[in-house]
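Remarks on the structure that follows.
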Amino acid sequence: MADDVASILRMPPGKALEFFRQKQNVPTAHWDDLWHEAHSRGFMVAGAASDALLGDFRKAVDQAIKGDLTVKDFRKEFDTIVAKHGWSYNGGPAWRSNLIYTVNTSMAHAAGRYARQTTPEAMEMFPYWEYVHNTCAHPRPQHVAWGGTILPANDPWFATHYPPNGWLCHCSVRMLSASMMRRRGLTVSERPLLNARPWRNPRTGEVIYVPEGIDPGFAYNPGQAWQQGLTPPIGSRFKAADAGAPSAPPAAPVSPAMPAVPAPPTVEPAALPAMTPQIPVPEEHRDAARQSSVLRLHADVRAAVQTDNKAAMEALRAKDRVIPDVGQMPQDLQQVLDARTNKVRMSGDSMEKQIRNHADLTEDDYRQIPALVSRPDVVVRQSARRVMLLRQAGRLLYRGAVKTTGNGAENYLLSLHRTTKAKVLRTLRHPEILSGTLDALPDDPEQ
């Protein structure tokens with residue numbers, strides 16, 4: 001197994017290229033037209049608005065990731081491309097070419113490293129990650145402070161702090177085994193606080209919450225977004241506002257979907273404090289990544305159903321075609337269902353039934369799923385391990401069903417549809433209300 005892991009870790013730049021080549025070209029006007037996870041599916045150069053210009057930059061970046069172009073070589077390619085297309089850009093040529101080269105190569109290699117570091121073999125042998133601050137000319141004090149921080153590899157801190165964490169950031173993550181921890185006398189660190197701070201976009205005036213020490217636009221894990229599909233669906237624009245992406249990073253990022261990491265008996269992890277920002281982040285902002293995952297699954301399944309693509313449908317019904325977190329049920333509901341987790345999943349099979357049985361639902365309806373699961377207005381018991389959730393959204397009332405598996409290990413959203421208060425009252429003759437009250441629901445608009 002050690003040989004397998006060693007070979008995996010000697011594979012660059014294969015995974016980095018795989019990450020980069022699956023991106024689609026996205027014409028943009030400004031650097032923030034793509035935001036966070038959208039960069040894991042879209043390739044942009046700020047101000048490059050033509051496909052031909054982006055295509056030439058893409059070829060040069062591809063060569064750079066492969067290692068065929070140094071930064072000096074890339075500068076020459078940059079000058080050639082600019083002259084060919086007559087492109088007008090901001091900044092000097094040395095600064096701009098270095099920025100395009102460094103950001104794209106560092107993000108691609110970060111995604112490639114993450115893919116290799118999270119294989120089952122690597123996770124089993126190296127269950128700890130250390131944040132490494134590498135020497136540079138102008139170190140960021142916060143990045144220096146994070147240097148030496150050791151956490152379990154599946155700790156949610158890495159959902160926002162997996163480097164690079166800013167423009168020209170040189171930090172990295174080092175894997176550690178239990179034996180390495182013992183030999184070096186290392187212990188698990190306390191998780192650094194998020195300390196989200198407001199940042200005002202000077203162009204738009206929008207206020208965005210950014211974790212302390214991370215440059216705006218870098219508070220996400222490119223490899224995790226790529227592996228888990230936490231990205232907006234492809235469209236004419238990738239702009240965050242169009243995809244419902246968050247203006248603020250999550251207060252408690254979703255843990256990466258990785259194998260369980262057994263704690264070695266000789267290394268006792270320190271208690272990790274709650275990862276709470278000093279500045280509250282609106283709860284609804286946490287739903288954006290979940291909405292993107294739901295919409296992506298919806299688009300994939302709908303395409304397979306409309307074209308009657310049986311092979312694609314079988315793949316979408318597979319056990320691993322599951323969104324691991326479409327919302328987190330309230331704690332009291334988790335206790336009622338005797339569930340071992342508060343996260344609610346959704347399968348491709350359930351989405352297929354949705355599309356076939358509720359063809360009238362739109363993307364706006366599916367965006368209601370995270371709020372319905374996490375913040376229902378009324379919860380009604382249907383059986384020992386199944387509940388009905390009701391939530392009012394404007395003039396619409398949504399109804400969903402959540403079921404917990406027999407051993408309590410998983411919760412699944414089974415259905416979603418629009419309903420009315422009158423229909424609910426007719427259906428539920430003797431409801432066992434677990435929370436909320438039906439009387440509190442607004443009357444139907446037609447009434």
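The values are calculated or read from the model by the stated rules, or taken from the named source; none is laboratory data. What you are looking at is a predicted structure, and each value in this text was computed from that prediction instead of being measured. All Cβ positions, glycine included, derive from the backbone under ideal geometry; neighbour counts span all protein chains shown.
Six or more apart or on different chains, Cβ under 6 Å: which pairs go from a residue in region 404-430 that's touching a residue at least 12 places away in the same chain (Cβ under 8 Å) to one that's hydroxyl-bearing (Ser, Thr, Tyr)? Could you list them?
Asn411/Thr404; Leu414/Ser350
Counting only residues that are modelled with pLDDT of 90 or more, give me the strands (runs of 3 or more DSSP E) lying completely in region 152-264 with at least 2 of them.
Numbers: elements: 172-176, 196-200, 207-211.
Because the criterion is at least 2 residues that are modelled with pLDDT of 90 or more, the strands (runs of 3 or more DSSP E) in region 152-264 that meet it are 172-176.
Conditions (1) more than 28 Å from Ala122 (Cβ to Cβ); (2) surrounded by fewer than 16 Cβ atoms within 10 Å (Cβ to Cβ); (3) touching a helix residue (DSSP H, G or I) at 6+ places or on another chain (Cβ under 8 Å), marked per residue:
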{"residue": "Leu168", "(1), (2), (3)": "no, yes, yes"}
{"residue": "Met181", "(1), (2), (3)": "no, no, no"}
{"residue": "Gly185", "(1), (2), (3)": "no, yes, no"}
{"residue": "Ser189", "(1), (2), (3)": "no, no, no"}
{"residue": "Leu194", "(1), (2), (3)": "no, no, yes"}
{"residue": "Glu206", "(1), (2), (3)": "yes, yes, no"}
{"residue": "Val210", "(1), (2), (3)": "yes, no, no"}
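Collect the residues in region 426-442 that are of a type in the set (Gly, Ala, Ser) and closer than 19 Å to Met329 by Cα, keeping them in residue-number order.
If we filter region 426-442 for residues that are of a type in the set (Gly, Ala, Ser), which is where we start, we get 435-436, 440.
Across region 426-442, the qualifying residues are Ser435, Gly436.
Of the numbered conditions (1) without any contact (Cβ under 8 Å) to a residue 60 or more places away in the chain; (2) over 17 Å from Asn342 (Cβ atoms), Tyr366 fails exactly one; give the number of that condition.
With (1) without any contact (Cβ under 8 Å) to a residue 60 or more places away in the chain; (2) over 17 Å from Asn342 (Cβ atoms) applied to Tyr366, the lone miss is (1).
Just checking, which of Leu372, Leu333, Leu389 is assigned to a strand (DSSP E or B) and over 18 Å from Val301 (Cβ atoms)? It would help to see each step written out before you state the result.
Numbers: Leu372 fails: assigned to a strand (DSSP E or B); Leu333 fails: assigned to a strand (DSSP E or B).
Exactly one of Leu372, Leu333, Leu389 is assigned to a strand (DSSP E or B) and over 18 Å from Val301 (Cβ atoms), namely Leu389.
Just to verify a result, which residue in region 115-148, among those that are at pLDDT below 90 and in contact with a Leu (Cβ under 9 Å, 6 or more places away or on another chain), is farthest from Arg174 (Cα to Cα)?
Only one residue fits best here, namely His138.
Among Ala60, Ala48, which is modelled with pLDDT of 90 or more, of a type outside the set (Asp, Glu) and in a loop (DSSP other than H, G, I, E, B)? Can you show your working first?
Details: Ala60 fails: in a loop (DSSP other than H, G, I, E, B).
Among Ala60, Ala48, only Ala48 is modelled with pLDDT of 90 or more, of a type outside the set (Asp, Glu) and in a loop (DSSP other than H, G, I, E, B).
Kindly establish whether Asp325 is free of Cβ contacts under 8 Å to residues at least 12 places away in the same chain and not in a loop (DSSP other than H, G, I, E, B). Give the derivation first.
Details: free of Cβ contacts under 8 Å to residues at least 12 places away in the same chain: no; not in a loop (DSSP other than H, G, I, E, B): yes.
No: the conditions fail for Asp325.
Being over 30 Å from the mean Cα position of the chain (by Cα) and in a helix (DSSP H, G or I): is that true of Leu425 here? Full working, then the answer.
Details: over 30 Å from the mean Cα position of the chain (by Cα): yes; in a helix (DSSP H, G or I): yes.
Judged against the criteria, Leu425 is a match.
So, restricting to helices (runs of 4 or more DSSP H) that lie completely within region 88-148, which ones have at least 1 residues that are crowded, with 21+ Cβ neighbours inside 10 Å, in contact with a strand residue (DSSP E or B) (Cβ under 7 Å, 6 or more places away or on another chain) and of a type in the set (S, T, N, Q)?
Values: elements: 93-117, 120-125, 141-146.
In region 88-148, 93-117 are the helices (runs of 4 or more DSSP H) which contain 1 or more residues that are crowded, with 21+ Cβ neighbours inside 10 Å, in contact with a strand residue (DSSP E or B) (Cβ under 7 Å, 6 or more places away or on another chain) and of a type in the set (S, T, N, Q).
Can you go through Gly400, Gly408 and tell me which one is surrounded by fewer than 21 Cβ atoms within 10 Å (Cβ to Cβ) and either under 25 Å from Arg321 (Cβ atoms) or not assigned by TED's automatic domain parsing to the domain that holds Gln228 (or both)?
Numbers: Gly400 fails: surrounded by fewer than 21 Cβ atoms within 10 Å (Cβ to Cβ).
Among Gly400, Gly408, only Gly408 is surrounded by fewer than 21 Cβ atoms within 10 Å (Cβ to Cβ) and either under 25 Å from Arg321 (Cβ atoms) or not assigned by TED's automatic domain parsing to the domain that holds Gln228 (or both).
Do we have any residue at all in region 295-314 that's surrounded by 12 or more Cβ atoms within 10 Å (Cβ to Cβ), modelled with pLDDT under 50 and of a type in the set (S, T, N, Q)? Don't jump to the end; show me each part of the working.
Going through region 295-314, the residues surrounded by 12 or more Cβ atoms within 10 Å (Cβ to Cβ) turn out to be 295-305, 309, 312-314.
Retained after the next criterion (residues that are modelled with pLDDT under 50): none.
Taking every residue of region 295-314 in turn, none turns out to be surrounded by 12 or more Cβ atoms within 10 Å (Cβ to Cβ), modelled with pLDDT under 50 and of a type in the set (S, T, N, Q).
Is it the case that region 373-383 has a residue that's small (Gly, Ala, Ser) and crowded, with 19+ Cβ neighbours inside 10 Å?
Of region 373-383, the ones small (Gly, Ala, Ser) are 374, 383.
Filter again for crowded, with 19+ Cβ neighbours inside 10 Å, leaving 374.
Yes: one or more hits.
Can you pull out the residues in region 11-41 that are of a type in the set (Gly, Ala, Ser) and at pLDDT 90 or above? Step through it out loud before you land on a result.
The first filter runs over region 11-41 and keeps only residues of a type in the set (Gly, Ala, Ser), leaving 14, 16, 29, 38, 40.
Result: Ala16, single match.
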